[in-house]
Amino acid sequence: MRDDTALKDDTAARTVATPAEMRAAVITGPGQMRVERAAVPAPGRDEVLIRLEGCGVCASNLTPWAGPEWMQFPTEPGALGHEGWGVIEAVGDEVVGFSVGERVAALSYKSYAQYDVASADAVLRLPDTLAGKPFPGEPLGCAFNIFRRAEIHPGHTVAIVGIGFLGAILTKLASDRGARVIAISRRSFALDLAREMGAAETIAMDDHTAIIERVKDLTGGTFCDRVIEAVGKQWPLDLAAELTRERGRLIVAGYHQDGPRQVNMWLWNWRGLDVINAHERDTRIYMQGMREAVQAVAMGRLDPTPLYTHSFPLERLDEALDATRDRPDGFLKALVML
């Protein structure tokens, strides 16, 4: 005989009262968006529904925002947002290990909205020590995955080309590992931040030849054991290769999405460089980096809060995207708060 009371209790544990509609951003054309009413998505059997508190804005959004030929408008509600965190409001029938009311970060892909669904294997519980704090898990996890693939060891000299949100975190991780970090950025406030994060040397990113000569002088002519390119443009990629020593490792961490790149294969080959493209596509590795980030922030080894420099409501997502593109003075990372 079926126990209807137990069934009701189980159902209550798997969902709370959720509105039928939500606010969601829709990109309607190049540089254009609006907020619409959309149906709240229902979680599948192996998914959770998250009431989002916020979502980080990623530089990977900028090419779709610009409207290339391959981009289709209007987007689905919430599309492009993939750095969300919030509270679980429903779990699918096959989900174990998560409960309604738990605060989580997730890899989901329509998080410029009040609600989004995520596969249970792409959801990470946030500890109570992070209560009330923003936690865009995907970019924080990316930083830790990049750092792992860079294989930085104590005593290494590491150049980081581009000090934004990612470059600043990598500066902190590398310096804490015992590396000598040379931070290179075009913005003076970013160089100040790099010094706060532990950089031993800072160089203004303004003259290609002068930067090479300066790093050559700082390293006694050998250049750097590791160079992390964190900009995503042709010139910083060219510069990064020039700064990498023979048998050194060049780590491409910048998001290169605006067309093909040319590389100096003569230089790469002659120096015998190991070249790492640090972008991941495996959910398990994404989650590994996110778990490492949660642990580091919860234990106080990393405080990303000062790096969240700009905050916008959902209705001003267009301004958040423009700021991410234009990088006004003092800008590192935009959050859309819901």
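Here, each number is a calculation from the coordinates, and none is a lab measurement. Quick caveat, the model's predicted, so the values are computed rather than measured. Don't worry about glycine lacking a Cβ; one is built from the backbone with ideal geometry, like all the others, and counts go over all protein chains shown.
Let me have the 222 nm mean residue ellipticity of the chain computed from DSSP H runs of 4+ only, each contributing -39500 (n - 2.57), with the sum over all residues rounded to the nearest 500.
-9500 deg cm²/dmol
List residues of region 39-64, by number, whose backbone nitrogen lies under 12 Å from a label position 7 Å along Cα→C-beta of Ser311.
54-55
Can you list the lysines whose alpha carbon sits under 29 Å from that of Lys110, skipping same-chain ones fewer than 8 residues off?
Here the lysines satisfying the reach criterion relative to Lys110 are Lys133, Lys233, Lys333.
Report, by chain and number, residues whose modeled amide H sits under 5 Å from the one on His156, excluding near sequence neighbours (fewer than 5 apart, same chain).
Arg180
For region 260-300, run through the trypsin sites (Lys or Arg not before Pro) and keep only the ones in DSSP coil with at most 16 other Cβ atoms within 10 Å of their Cβ.
For trypsin sites (Lys or Arg not before Pro) across region 260-300 that sit outside H, G, I, E and B with at most 16 neighbouring Cβ atoms in 10 Å, the list reads Arg261, Arg281.
With charges only on Cβ, +1 for K and R and -1 for D and E, what is the dipole size of the chain about its Cα centre, in debye, rounded to 20?
The dipole magnitude comes to about 720 debye.
When the Cα centres of region 259-286 and region 120-167 are compared, how far apart do they sit, in Å?
19
Share of antiparallel DSSP beta bridges in the chain, in percent to the nearest 5?
Of those bridges, close to 55 percent are antiparallel.
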